[in-house]
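Here the structure is laid out as structure tokens; the discussion comes afterwards.
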């Protein structure tokens, strides 16, 4: 799940120069807004492709942003939550621990399994289950449109800025 895709846009020097001429906080907000809208669209495509056995996984995809230090550049990450933990299965009023069922970390103690692990198991498979990828296909089908979407949003935001 930690595959990182880096895109270098060539031929957009004019757009970059216009962005750099704006006040730093404004250009950062414009960059983040363009990335955020595109990341939301990618997240919706991943959620639509995610298995819907319980629906829990679909509800726990996050978007993260990080600005690259010293540059007018940022990254957006879309992926399953490491903090969201699948709820306990209850059988006859017993918790998973009482049932002696354990998955994930501390399995012997009736541990837990984060959404991130389930997504990884589905995406890449396990020794007992074949892969059922949904994140990579969603990204692959959207990456060209994402690049176009980001550049178009940047143009719109830069042109609409009143400074």
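Only one of the numbered conditions (1) within 30 Å of residue 162 (Cβ to Cβ); (2) touching a strand residue (DSSP E or B) at 6+ places or on another chain (Cβ under 6 Å); (3) at pLDDT below 85 is not met by residue 14, and that is (2). Within segment 64-75, the residues that satisfy the criterion of being closer than 21 Å to residue 18 by Cβ and outside any strand (DSSP E or B) are 68, 70, 71, 72, 73. The condition of being touching a strand residue (DSSP E or B) at 6+ places or on another chain (Cβ under 7 Å) and either crowded, with 17+ Cβ neighbours inside 10 Å or at pLDDT below 90 (or both) holds for residue 111.
Kindly check whether there is at least one residue in segment 118-136 that is at pLDDT 90 or above, at positive phi, part of a loop (DSSP other than H, G, I, E, B) and loosely packed, with under 15 Cβ neighbours inside 10 Å. Yes, that holds for at least one residue. Does segment 19-33 contain at least one residue that is within 12 Å of the chain's Cα centre (by Cα) and either under 17 Å from residue 145 (Cα atoms) or modelled with pLDDT of 95 or more (or both)? Taking every residue of segment 19-33 in turn, none turns out to be within 12 Å of the chain's Cα centre (by Cα) and either under 17 Å from residue 145 (Cα atoms) or modelled with pLDDT of 95 or more (or both). Within segment 17-56, the set of residues being under 15 Å from residue 122 (Cα atoms) and in contact with a strand residue (DSSP E or B) (Cβ under 7 Å, 6 or more places away or on another chain) comprises 46, 47. Determine, yes or no, whether residue 78 is closer than 30 Å to residue 17 by Cβ, surrounded by 17 or more Cβ atoms within 10 Å (Cβ to Cβ) and at pLDDT 90 or above. Judged against the criteria, residue 78 is a match.
The values are calculated or read from the model by the stated rules, or taken from the named source; none is laboratory data. This one's a predicted model, so the numbers in the text were calculated from it and none came from an experiment. Cβ atoms come from the backbone with ideal geometry, glycine included; neighbour counts cover every protein chain shown.
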